[in-house]
Amino acid sequence: MTGVEATLALEAGAFRLDVALEAGPGVTVLFGPSGSGKSLTLRAIAGLLRPRAGRIAVAGRVVFDAARGIDLPAHARGVGYAGQRPALFPHLSVGGNVAFGIRDAGGADRARTAAEWLARLELSGFEHRRPASLSGGQAQRVALARALAPGHRVLLLDEPFSALDEALRQGLRQLLAELVRERELAILFVTHDLREAHLLADRLVVIDRGEVLQAGPRDEVFRAPRQRRVAELLGGTNILAGRVVERTGAGLRLEIEGWEAIAASWHGDPRPGDAVDVVIRPERVVIRRGEPAAVNTLPARVRREFDYGTNHTLEFEPLAAGPSLVVDLPSRPYDVLGIAAKKEWTLELPPTDLHVMPAAPPRRATTQ
């Protein structure tokens with residue numbers, strides 16, 4: 001198989017990491033806040049630190065197994081790795097850095113391969129320069145070329161675009177997509193940038209405090225989180241406290257702040273009377289101009305709005321019973337609907353977009 005299977009446990013000071021994940025062909029994004037354990041996971045798979053326990057397989061070959069005493073060095077694991085810092089060899093030229101990991105090839109072939117990868121990363125002519133002469137973004141692209149040049153089928157990338165401007169980021173995202181198609185490449189990509197995670201991921205692994213909270217296809221994880229914390233991390237601004245009234249043929253009938261709604265998506269086994277958390281993504285709320293829908297409509301007024309150029313974020317408050325909601329709307333529909341001139345609207349929350357999770361326990365109060 002092309003990809004990675006990893007189950008590992010390790011400690012770094014007071015921090016404990018205990019994760020299990022799989023990544024096949026395509027881009028698997030490890031997403032979570034800073035300090036959640038994403039980079040530690042990648043470094044352990046790459047062989048740059050040793051887990052206390054666990055097993056790691058790359059392309060079907062076991063490269064680490066604590067119980068069996070297997071621990072292959074980084075250069076023998078068959079992965080390309082680019083970390084948060086470029087970590088280029090200062091005594092080698094840019095071309096020498098890129099060619100460093102290429103095995104089973106003569107000097108001329110290694111130099112030619114290095115030049116080809118530098119060209120794909122818009123660094124043609126940089127072969128003879130020294131790392132000290134590079135900008136941060138250039139050095140990061142050299143590190144990425146070095147990870148790609150050996151031709152490994154598994155690539156581990158730890159926030160590789162952090163020092164790049166948006167135009168370069170877009171080009172490199174396209175390059176990664178091309179590589180996945182050309183070579184059935186399996187990429188594990190670490191980021192805490194929600195937009196980047198959505199743009200890149202085929203599969204999403206949400207990590208927090210050293211644990212995998214949820215993993216699956218990107219859209220499934222975004223639209224059907226299993227718990228409140230996942231919804232929060234994925235930008236869930238509409239997380240509502242509710243109660244299950246009954247289960248019907250159409251789904252779950254809910255009561256949310258005195259307003260009744262039907263939800264057709266849920267995690268677990270919610271029963272009548274259960275307290276639940278209900279989430280709908282802000283871009284899935286519909287602003288209706290004509291006839292209201294048959295279910296899940298809420299009269300509301302715009303309380304506050306933010307203009308981000310390409311889209312608008314609108315905060316609505318209900319005209320009667322019901323929850324306050326945040327709605328994201330692209331600029332064109334905003335103008336066509338005439339939102340700026342009218343403040344009272346009917347909001348629709350489609351049942352398939354209204355997702356129910358078990359209610360999270362209340363958080364402990366913290367003391368300073």
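A few notes on this one:
- Dipole magnitude of the stretch 263-368, debye to nearest 20 (Cβ charges: Lys/Arg +1, Asp/Glu -1, about Cα centre): 180 debye
- Each peptide in 141-153, 241-253 receives the mean, over its residues, of other Cβ atoms within 10 Å, and ordering these scores from highest gives 141-153, 241-253.
- Beta bridges assigned by DSSP with both partners in the chain are antiparallel in approximately 75 percent of cases.
- Cβ-based charge dipole, the stretch 158-235, positive-most Cα from 212, 185, 172: 212
- Interatomic Cα distance distribution for the chain, bins of 10 angstrom, percent: 5, 21, 25, 21, 16, 9, 3, 0
- Selection among 318, 17, 248 by position relative to the dipole of the chain gives 17 as farthest towards the positive end (Cβ unit charges, Cα centre).
- Computed from point charges on the beta carbon alone (+1 for Lys and Arg, -1 for Asp and Glu), the dipole magnitude for the stretch 152-218 about its Cα centre is near 220 Debye.
- Relative to the Cα centre, the charge distribution of the chain, modelled as +1 at Lys and Arg Cβ and -1 at Asp and Glu Cβ, gives a dipole magnitude of about 900 debye.
- Within the chain, no helix built from a complete DSSP H run reaches 30 Å or longer along its own axis (Cα positions) while carrying a mean Kyte-Doolittle hydropathy of 0.0 or higher.
- Centroid-to-centroid separation of the stretch 292-342 and the stretch 24-53 [C-alpha atoms, Å]: 39 Å
- For the stretch 178-259, fraction of C-alpha pairs farther apart than 14 Å, in %: 71 percent
- Accessible area expressed per residue, the stretch 84-158, with surrounding protein chains retained (probe 1.4 Å, Å²): 48 Å²
- P(r) of the stretch 200-303 over all Cα-Cα pairs, binned every 10 Å from zero, in whole percent: 13, 41, 33, 13, 1
- The stretch 158-241 - percent relative contact order, Cα under 8 Å, separation 6 or more: 18 percent
- Proportion of all alpha-carbon pairs of the stretch 239-291 beyond 12 Å (%): 66 percent
- Expressed as a fraction of 2.2 N^0.38 Å, the C-alpha radius of gyration for the stretch 102-154 is 1.11.
The values are calculated or read from the model by the stated rules, or taken from the named source; none is laboratory data. All of these numbers come straight from a predicted model, not from anything done at the bench. FYI the Cβ positions are ideal-geometry reconstructions off the backbone, even for glycines, and counts take in every protein chain you see. Please note that ligands, DNA and RNA were not included when accessible areas were found on the heavy atoms of the full protein model with its side chains. Shrake-Rupley method; radii C 1.70, N 1.55, O 1.52, S 1.80 Å.
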